[in-house]
Structures are given as C-alpha cells and as structure tokens.
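Working notes, beginning with the structure itself.
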Amino acid sequence: MISIAIDGPAGAGKSTIARAIAKELGYIYVDTGALYRAIGLYANANGVATDDPAGVERLLGGIKVELRYKNGEQRVFLNGYDVSEEIRRPEVSMAASNVSAIPAVRQFLFALQQNMAVEHDVVMDGRDIGTIVLPGAQVKIFLTASPEERARRRYDELKAKGHDVDYDALLEEVRQRDYNDSHRAIAQLKQADDALLVDTTGNTLEQSVQALTKLVKERL
Ligand code: C5P
C-alpha cells in the first residue's frame, strides 16, 4: 500500500490539496483532524471541559468513532451518528486542539489511522502523520503559510458557509492553535526530517493543488 502524509498547521490548505491529490491518484483521503474534532464535539456535548484530561479520558470508553466513505467523501460517525457537518462548527476547532493534547485521546485514535493505511492507498493529513502515525510514508509534505493568510482563508471558508465570523478572532485562534499544537508534550506539530517543506503563502489554492499534485507524482 502507498501512503502520502501531509502535515501542517490549520488553514495551510492541507485538506483541499490532500483531497485533490487523492482523487487524482485514486487513493482514499483521510482527514485525521476530523477524528479529534469528533472527540472534542462529544466532550462539549457532554459538558466535559476539553482541557480536563481525566474527564475526557473517562469519556473515551463510551465513544466509537468510525470513518466511512460516501461517493469518495469521508464521513465521520460518532456512536453511529454522522457528525461530519457538526464537527466543522468554529467552536469545535479549539475543543479538538485541546483534546488532541491528551495522550489517551491520541492513543485512542492511533490504530484507526494506521489501519486505514494498512487497508488502502491513502493521502492522510494531520499534524503528526509523517512523524508518528505513518513514519514510513512514501511521500511526506509539510505544508505551511503565514498565520494572516491562513486566518483569511478560514474567514472566507466560514463566511461562505454562512457562519458569522470575525477576522481578528480567527487570527487569534490560528495563533493559539499553532502554539498549542507545537508546544504540547506529545506529537508536536513539526516537520518530519524527510518531509518536503512547502509554503503556500501568496498562492491561490488552485496553484497549490497543481504544484503539489505534480510534486507528489514525481516522487511516487
Ligand atoms: O485539521 P483540523 O484543524 O481539523 O484539526 C483540528 C485539531 O486537531 C488541530 O488543531 C490539532 O490540534 C488536532 N490534530 C492533531 N493531530 C492530527 C490532526 C489534528 O493533533 N493528526
């Protein structure tokens, strides 16, 4: 099986680019952030603080997270319910960032991610795919862009979906999540030694998709 790992901070364009590459190559796209979002959503729904490791850990016994695919699109199921839309709500982002710093949560989601790559050719995106989840991935990319540009992209994306959002608040959240993700005790957001660094600042998403697809194909 072939694995392509794409890591990087929020808003770097990972999901759009990974999805496009997967489609081009006929692989399955695995969005691992969605798994952490599902846990964050569950904690919120159950009134458990997402920065309370013991409380969140206790919840894990009652959680079943599954990935299913409908028309090639990943859907996330939480205890049998499709939460693919709900996990995109802005307040779930911070909840996901918080629960992702809890070792028991990462362990809980580890096998699910690895199994996807054992069973399918995948393009998997996240924060620790090239470093921890799929260290043997054939191609690794670390995708980044300036915080301002990433906040602006999130703003446009959420606005288009009809969410009421504030640019400054989003920029602050991007910075906060970057900090959380790079400073937590485990699975820090960092470039794998053998990953290719790609900065998409100033590029349109379409330009990045084309450049990255070409780059991945050359490396397979
Ligand atoms: O990618 P997305 O923004 O949906 O991820 C939500 C949060 O989940 C991130 O802020 C990050 O803290 C966490 N995450 C992670 N490891 C991954 C994917 C996401 O810690 N592989």
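The values are calculated or read from the model by the stated rules, or taken from the named source; none is laboratory data. Predicted model, so just to flag it, every value in this text is computed and none were measured. Cβ: placed from backbone, ideal geometry, glycine included. Neighbour counts: every protein chain shown.
Take region 70-92 and flag every residue that is surrounded by 12 or more Cβ atoms within 10 Å (Cβ to Cβ) and in a strand (DSSP E or B).
Keep residues of region 70-92 that are surrounded by 12 or more Cβ atoms within 10 Å (Cβ to Cβ), which gives 74-79, 82-84, 86-90, 92.
Residues satisfying the conditions are Gln74, Arg75, Val76, Phe77, Leu78, Asp82.
Can you say whether Asp82 is out of contact with any helix residue (DSSP H, G or I) (no Cβ under 9 Å at 6 or more places or on another chain), more than 10 Å from the ligand (Cβ to nearest atom) and closer than 20 Å to Gly61 by Cα, as far as the supplied structure shows?
Details: out of contact with any helix residue (DSSP H, G or I) (no Cβ under 9 Å at 6 or more places or on another chain): yes; more than 10 Å from the ligand (Cβ to nearest atom): yes; closer than 20 Å to Gly61 by Cα: yes.
Spelling it out, Asp82 is indeed out of contact with any helix residue (DSSP H, G or I) (no Cβ under 9 Å at 6 or more places or on another chain), more than 10 Å from the ligand (Cβ to nearest atom) and closer than 20 Å to Gly61 by Cα.
Which of the residues that make up region 160-200 are more than 12 Å from the ligand (Cβ to nearest atom) and of a type in the set (Ser, Thr, Tyr)?
Tyr167, Thr200
Kindly provide the set of residues from region 108-135 that are more than 12 Å from the ligand (Cβ to nearest atom), crowded, with 22+ Cβ neighbours inside 10 Å and in a helix (DSSP H, G or I), ordered by number.
Ala117
What's the total number of residues in region 24-43 that are over 23 Å from Gln114 (Cβ atoms) and either surrounded by fewer than 18 Cβ atoms within 10 Å (Cβ to Cβ) or touching a Lys or Arg at 6+ places or on another chain (Cβ under 6 Å) (or both)?
So the answer is 1.
For region 170-188, indicate whether the set of residues that are touching a residue at least 12 places away in the same chain (Cβ under 8 Å), within 23 Å of Lys217 (Cα to Cα), touching a helix residue (DSSP H, G or I) at 6+ places or on another chain (Cβ under 6 Å) and hydrophobic (A, V, I, L, M, F, W, C) is non-empty.
No: zero hits.
In the list Leu220, Leu196, Leu212, Leu171, which residue meets the criterion of being among the hydrophobic types (A, V, I, L, M, F, W, C), more than 16 Å from Ala96 (Cα to Cα) and surrounded by fewer than 16 Cβ atoms within 10 Å (Cβ to Cβ)?
On the way: Leu196 fails: surrounded by fewer than 16 Cβ atoms within 10 Å (Cβ to Cβ); Leu212 fails: surrounded by fewer than 16 Cβ atoms within 10 Å (Cβ to Cβ); Leu171 fails: surrounded by fewer than 16 Cβ atoms within 10 Å (Cβ to Cβ).
Checking each option against the conditions leaves just Leu220.
Just give me the residues in region 53-69 being exposed (fewer than 13 other Cβ atoms within 10 Å of the Cβ) and not in a helix (DSSP H, G or I), in sequence order.
Of everything in region 53-69, those that are exposed (fewer than 13 other Cβ atoms within 10 Å of the Cβ) and not in a helix (DSSP H, G or I) turn out to be Lys64, Arg68, Tyr69.
One line per residue, one yes/no per condition, for (1) within 16 Å of the ligand (Cβ to nearest atom); (2) assigned to a loop (DSSP other than H, G, I, E, B); (3) out of contact with any Phe, Trp or Tyr (no Cβ under 9 Å at 6 or more places or on another chain); (4) touching a residue at least 40 places away in the same chain (Cβ under 8 Å):
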site: Pro9; (1), (2), (3), (4): yes, yes, yes, yes
site: Ile17; (1), (2), (3), (4): yes, no, yes, yes
site: Glu24; (1), (2), (3), (4): no, no, yes, yes
site: Ile39; (1), (2), (3), (4): yes, no, no, yes
site: Gly47; (1), (2), (3), (4): no, yes, yes, no
site: Asp51; (1), (2), (3), (4): yes, yes, yes, yes
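Filter region 185-199 for residues that are under 19 Å from Asp125 (Cα atoms) and modelled with pLDDT under 95 and give the result.
Scanning region 185-199 gives Ile186, Ala187, Gln188, Leu189, Lys190.
So which pairs qualify, if the first residue must be in region 85-110 and modelled with pLDDT under 95, the second must be aliphatic (A, V, I, L, M), the Cβ gap must be under 7 Å, and the two must be at least 6 apart or on different chains?
Hits for this filter: Pro90/Leu158; Pro90/Val165.
Kindly indicate whether Asp194 is in contact with a strand residue (DSSP E or B) (Cβ under 9 Å, 6 or more places away or on another chain) and acidic (Asp, Glu). Before the answer, list the steps.
Values: in contact with a strand residue (DSSP E or B) (Cβ under 9 Å, 6 or more places away or on another chain): yes; acidic (Asp, Glu): yes.
It is true that Asp194 is in contact with a strand residue (DSSP E or B) (Cβ under 9 Å, 6 or more places away or on another chain) and acidic (Asp, Glu).
Is there any pair linking a residue in region 198-220 that is without any contact (Cβ under 8 Å) to a residue 40 or more places away in the chain to one that is surrounded by 15 or more Cβ atoms within 10 Å (Cβ to Cβ), with Cβ under 8 Å and at least six apart or on different chains, and which?
Filtered contacts from region 198-220: Ala211/Val198; Ala211/Asn203.
Leu35 is checked against (1) near the ligand (Cβ under 9 Å from one of its atoms); (2) in contact with a Leu (Cβ under 7 Å, 6 or more places away or on another chain); (3) modelled with pLDDT under 95 and fails just one. What number does that condition carry?
Leu35 satisfies every listed condition except (3).
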